[in-house]
Each structure stands twice: as C-alpha cells, then as structure tokens.
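As structure tokens, the structure follows; a few thoughts come after it.
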Amino acid sequence: MDKKALHILVTGANGQLGLEFRELSERFPDIHFYFTSRQELDVCSRDAVMQFFETHPVDYCIHCAAYTAVDLAETERDAAMAGNAHAPAFVAEACAQHGAKLFHFSTDYVFNGTASAPYLPDAPVQPVNFYGATKLEGEQGVIRHCKDSVIIRTSWVYSYYGKNFVKTMLRLMQEREMIRVVSDQQGSPTYAADLARAVMHIITSKSFRPGVYHYCNSGVISWYQFAHAIAQHMQFTCRVEPIQTQDYPTPAKRPAYSALSTDSFQKTFQLTIPGWEDSLKQCLQIIRERG
Ligand SMILES: NC(=O)c1ccc[n+]([C@@H]2O[C@H](COP(=O)([O-])OP(=O)(O)OC[C@H]3O[C@@H](n4cnc5c(N)ncnc54)[C@H](OP(=O)(O)O)[C@@H]3O)[C@@H](O)[C@H]2O)c1
C-alpha cells in the first residue's frame, strides 16, 4: 500500500450517502478508500471497529453508517440506540486512538421545530422523537471521545441511491392521479451528492476544523412544495395536494420547522452551497438518464 496516499474509511458504504462517496471516489485516484458495508464492518461491534483501525491506516473516517428508520426507531429502540448512539462513540474512540479525523453525520431532528428562522449549530436541542434522541446521544459520544471531529447535521437527504422522499414521490406520481403531501412541515432538502462533494472539499483543501456544523441545500420549503417541484420538473400529470400533519399520522413525531443555518459551514470551509431546486434538477436528471 502506498504510504503517501491518504486513507479514508467510509462506513455504511451501501447507504445513500455512502454510495455517493463511492461514486465520487473515482475522481480521487490518489486517495485510498475503504468502503465498508455492515457485513464488512459492523460499527455496532466495538471489537470490530477497534480491530479495523488496528489493521488499517486511517487518516479520515467518514462515518455514514446509521440507523435511519425514523418511524421504526420508536419501537426498535435498542437497535436505534446501538446504531446511532453507541456506534458513533466506538468509531470516535478508535479515531482518537489512531489519530484519524472523523466526519460524523447527525440530523435536523435534534431540534424541536418551534423556531421560525434556520437553526444555528449552537441552538438549544430538544428532539421530539426517539430517532432524534439517539442521534443527539451519538453527537455527544463523538464530542466526548474525539476532539478531531466534524459533526454535520443534515436534513431531508435524497439521492439517486437508496430509499428517499424523491424516489418515493417519483414512484407514487407514476402510479396515482393524485397524491397528498404535508404542507405544514418546513425544512431544507439535501442532495447527498452535494454533501459528499462538500466533505471531499474539506479533506482536499485541508480545511478540516473540528466543530458542529449544518449542511443542507439553500432555501426553506415544505414537503408539499418539494413534491410539487418534483412533479413539475418531471412533467407528471399527477396532482399534488397539500394536507396537514394531523391528517397524516406517523409513529414518530416530526419537527414542524427544521431548516438549518449553513452560514458557519460556508464561511469556515469557503464553500457556496447550491440551492435546493438546482440540486433537485441535477438529481432528477441523473435518475432520468440512469432509469
Ligand atoms: N436520510 C435522511 O433523510 C437523513 C436526514 C438527516 C440525517 N441523516 C444522517 O445522514 C447519515 C447518512 O444517512 P443515509 O441517508 O445515507 O442513510 P442510509 O441510506 O439508511 O444508510 C445507512 C447505512 O448504514 C448502514 N448500517 C446500519 N447499521 C450499520 C452497522 N451496525 N454497521 C455498519 N453499517 C450499518 C446501513 O446498512 P443496512 O442497509 O444493512 O441497514 C446503510 O447502508 C446518517 O447519519 C443519517 O442519520 C440522514
């Protein structure tokens, strides 16, 4: 193995964000990536995590693995806690022991949703569902164990890969004449490819600076507006109608407003984040091209 090359571990590499890193990695032939799935590195096993770091050089760990089933987390509490609270602490501990820098991802669901302007990274946290509580505990574990960590809270993540709102909408819009989407929850979508590019920018520009940051595409919209834009760009005839959260009950409560302020991210890392609609168009184009 080339001793000069940068070594980057990507956990949860078969998830939507992990797969964006995989695709992006082709542009970095000088970097050695380890892409690990759950089968290759179960981050809920402290022993497995420690052993990986003992046997592989790691300069940066991009920790994409997580328990992301927001509604199921209400009942699968142990699994959610293991994946989102315990695992990040193991990864952070290993990074600290081996001098690796850590990128950890958290969520807008650490906030209670009562704000009316985008949340700053140091705004008070108060999760309204169990998933959010486990992700908050994960952040705290990362901070406790690894001083060289960048925690990125992100929101409404979508991609060509994996399961996400955009892909669900595309399917439903082709099956139905009309769909109803909640219009009283506001936030900002995040195109996972943009987020992956932003992380690689931090690494390659050597601008890593520990802290808690927010990353989402620019602009604040409702899920209804998001769905409406998808239908418009795809020129679907399916009607999109707004409904209220109370008419679409889910096991996990969602914050009514969870837009994130990305000012500190953009300033610290000298990066301009694309607007949500431009990024949505890009993703839809890729979905169209790849079928
Ligand atoms: N998706 C969103 O809207 C959203 C919003 C805010 C924040 N985030 C955060 O963004 C990050 C990336 O999320 P994502 O959207 O890419 O999620 P994702 O598509 O669900 O991917 C998560 C990946 O982690 C893997 N994983 C789960 N448990 C694991 C374990 N014990 N060991 C190794 N791998 C494991 C999963 O594998 P399996 O498929 O085998 O389970 C999956 O491939 C997460 O931290 C998430 O909490 C996501």
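Considering segment 87-105 alone, what residues qualify as being within 18 Å of the chain's Cα centre (by Cα) and either surrounded by fewer than 19 Cβ atoms within 10 Å (Cβ to Cβ) or within 11 Å of the ligand (Cβ to nearest atom) (or both)? Ala87, Pro88, Val91, Phe103, His104, Phe105 - these are the residues of segment 87-105 that are within 18 Å of the chain's Cα centre (by Cα) and either surrounded by fewer than 19 Cβ atoms within 10 Å (Cβ to Cβ) or within 11 Å of the ligand (Cβ to nearest atom) (or both). One residue alone among Cys238, Cys216, Cys146 is crowded, with 20+ Cβ neighbours inside 10 Å and farther than 20 Å from Leu120 by Cβ, and that residue is Cys146. Scanning segment 154-174 turns up at least one residue that is without any contact (Cβ under 8 Å) to a residue 24 or more places away in the chain, within 12 Å of the ligand (Cβ to nearest atom) and either out of contact with any Phe, Trp or Tyr (no Cβ under 9 Å at 6 or more places or on another chain) or closer than 26 Å to Arg27 by Cα (or both). Pick from segment 176-205 the residues that are among the aliphatic types (A, V, I, L, M) and in a strand (DSSP E or B): which of them is surrounded by the fewest Cβ atoms within 10 Å (Cβ to Cβ)? So, considering only residues that are among the aliphatic types (A, V, I, L, M) and in a strand (DSSP E or B), the one surrounded by the fewest Cβ atoms within 10 Å (Cβ to Cβ) is Met178.
One residue alone among Val125, Val49 is β-branched (Val, Ile, Thr) and over 30 Å from Ala5 (Cα atoms), and that residue is Val125. Only one entry of Asp59, Asp122, Asp108 meets the criterion of being within 11 Å of the ligand (Cβ to nearest atom) and of a type in the set (D, E, K, R), and that entry is Asp108. Of the listed requirements (1) within 13 Å of the ligand (Cβ to nearest atom); (2) of a type outside the set (Lys, Arg); (3) out of contact with any Ser or Thr (no Cβ under 8 Å at 6 or more places or on another chain); (4) farther than 30 Å from Ile31 by Cα, Val199 misses just one: (4). Among the residues making up segment 210-235, those that are away from the ligand (no atom under 16 Å from the Cβ) and either assigned to a strand (DSSP E or B) or within 19 Å of the chain's Cα centre (by Cα) (or both) are Pro210, Gly211, Ser218, Gly219.
Here's the yes/no breakdown for (1) part of a strand (DSSP E or B); (2) more than 18 Å from the chain's Cα centre (by Cα); (3) at pLDDT 95 or above:
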{"site": "Asp2", "(1), (2), (3)": "no, yes, no"}
{"site": "Asn14", "(1), (2), (3)": "no, no, yes"}
{"site": "Leu17", "(1), (2), (3)": "no, no, yes"}
{"site": "Gln39", "(1), (2), (3)": "no, yes, yes"}
{"site": "Asp42", "(1), (2), (3)": "no, yes, yes"}
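Consider Ala65 carefully, then state whether it is within 11 Å of the ligand (Cβ to nearest atom) and in a helix (DSSP H, G or I). No, not satisfied.
Within segment 87-115, the set of residues being out of contact with any helix residue (DSSP H, G or I) (no Cβ under 8 Å at 6 or more places or on another chain), of a type in the set (Gly, Ala, Ser) and in contact (Cβ under 8 Å) with a residue 60 or more places away in the chain comprises Gly113, Ala115. The residue pairs whose first member lies in segment 133-145 and is over 8 Å from Ala85 (Cα atoms), whose second member is not small (Gly, Ala, Ser), and whose beta carbons are closer than 7 Å, counting only pairs six or more residues apart or on different chains, are Ala133/Pro127; Val142/Pro88; Val142/Leu102; Val142/His104; Val142/Ile151; His145/Glu93.
Among the candidates Ala252, Ala229, Ala256, the residue that is touching a helix residue (DSSP H, G or I) at 6+ places or on another chain (Cβ under 7 Å), over 23 Å from Thr272 (Cα atoms) and at pLDDT 95 or above is uniquely Ala252. Quick one: is Thr204 farther than 28 Å from Ala13 by Cα and among the polar types (S, T, N, Q)? No; evaluated as a whole, the condition is false for this residue. Among the residues of segment 143-175, none is identified as among the small types (Gly, Ala, Ser) and assigned to a helix (DSSP H, G or I). If the condition is being more than 24 Å from Asp71 (Cα to Cα) and in a strand (DSSP E or B), then segment 236-251 contributes only Arg239. Residues of segment 92-142 that are assigned to a loop (DSSP other than H, G, I, E, B) and among the aromatic types (Phe, Trp, Tyr): Phe111 alone.
The values are calculated or read from the model by the stated rules, or taken from the named source; none is laboratory data. The shown structure was predicted, so the numbers you read here are calculated from the model rather than taken from an experiment. Note that each Cβ is placed from the backbone with ideal geometry, even for glycine, and that neighbours are counted across all protein chains shown.
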